[in-house]
Amino acid sequence: MKYTVQQLARLAGVSPRTLRYYDEIGLLKPARINPSGYRIYGTREVDRLQQILFYRELGVSLEKIMAILSSPNFDRVQALMEHREKLLEKRAQLDLLLANVEKTIAACGGRMEMSDQEKFMGFKQQLVEENERKFGKEAREKYGDEAVDQSGRKVLNMTREQHAQLEALSNELTEVLREAFKSGDPASELAQEAADLHRQWLCFFWDDYSREAHAGLAEMYVADERFRAHYDKEQPGMAAFLRDAILIYTGQKS
């Protein structure tokens, strides 16, 4: 099948302007331009657009999509399998929240009682499962099953107030770390404040805090690319900066 911009836009549920923009930035070029000046798209372009929209649904930036699809190692079938896995994860998260909403509706209608803790269970369960998918394997190898399971139980048992405190603390840590990073000195007062905030944040998940475990986790932030990417998305090198600040804070580095 061959499609014009208008036809492909209707087929894919995007705007013609979007397709023209993808053409302008080189993300999705038409197969050819016909004598009348219309962009014409074929099967190959349809498949590429499908991949683009899959990635966009998962929140991937256009710049990163361009790099992925342009890679000589790009495997369409493998990419589709990865899309499927991520979409299943997303569906599981939505199912949790949907169950929470339905239970809340029932509680509002007087058909059942719902504690304040239960009102936030869907969000907390989602957090625990997401952390398990992302970091569970490495965490269990480093700290053991019991420690990881205990951390999960602690999150699920958080009160509404504790959950709000955790969110506020996370935001404060991000802001202080961002400012401390500008100095370039992990031993600075602001960097050490960030390390202490990180300790406070950890204590929401750990029953027993130790400087050695804190330092070990900081090392993992740099050694594991997924942890590193979480902090380096703010600024390249921020994961290493936080690690050094924590190592100084815990006395593991002078």
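The values are calculated or read from the model by the stated rules, or taken from the named source; none is laboratory data. Since the structure is predicted, the reported quantities are computational estimates derived from the model, not experimental observations. Note that each Cβ is placed from the backbone with ideal geometry, even for glycine, and that neighbours are counted across all protein chains shown. These area figures cover heavy atoms from the full protein model, side chains too; ligands, DNA and RNA do not enter into them. Shrake-Rupley method; radii C 1.70, N 1.55, O 1.52, S 1.80 Å.
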*Local charge sum around L197 (other residues, Cβ-Cβ under 11 Å, Lys/Arg +1, Asp/Glu -1)?*
-3
*Is the shape of the stretch 165-254 rounded, prolate or oblate, going by the alpha carbon gyration tensor and its root eigenvalues a ≥ b ≥ c, with a/c under 1.5 for rounded and a/b larger than b/c for prolate?*
rounded
*³J(HN,Hα) across the stretch 17-22 via Karplus (A = 6.51, B = -1.76, C = 1.60, θ = phi - 60°), whole Hz, x for Gly/Pro?*
4, 4, 5, 5, 5, 4
*Give the ranking of K90, K182 by solvent-accessible surface, highest area first, calculated with a 1.4 Å probe.*
K182, K90
*asked:* Please report the net charge: other residues with Cβ closer than 10 Å to the Cβ of R39, K and R +1, D and E -1.
replied: +1
_Can you give the local net charge around Y221? Use residues other than it whose beta-carbon is closer than 11 angstrom to its beta-carbon, Lys and Arg +1, Asp and Glu -1._
-2
*Do any of K233/K253; K182/K253; K90/K233; K86/K253; K2/K64; K86/K182 go past 31 Å between their Cα atoms, and which?*
K86/K253; K86/K182
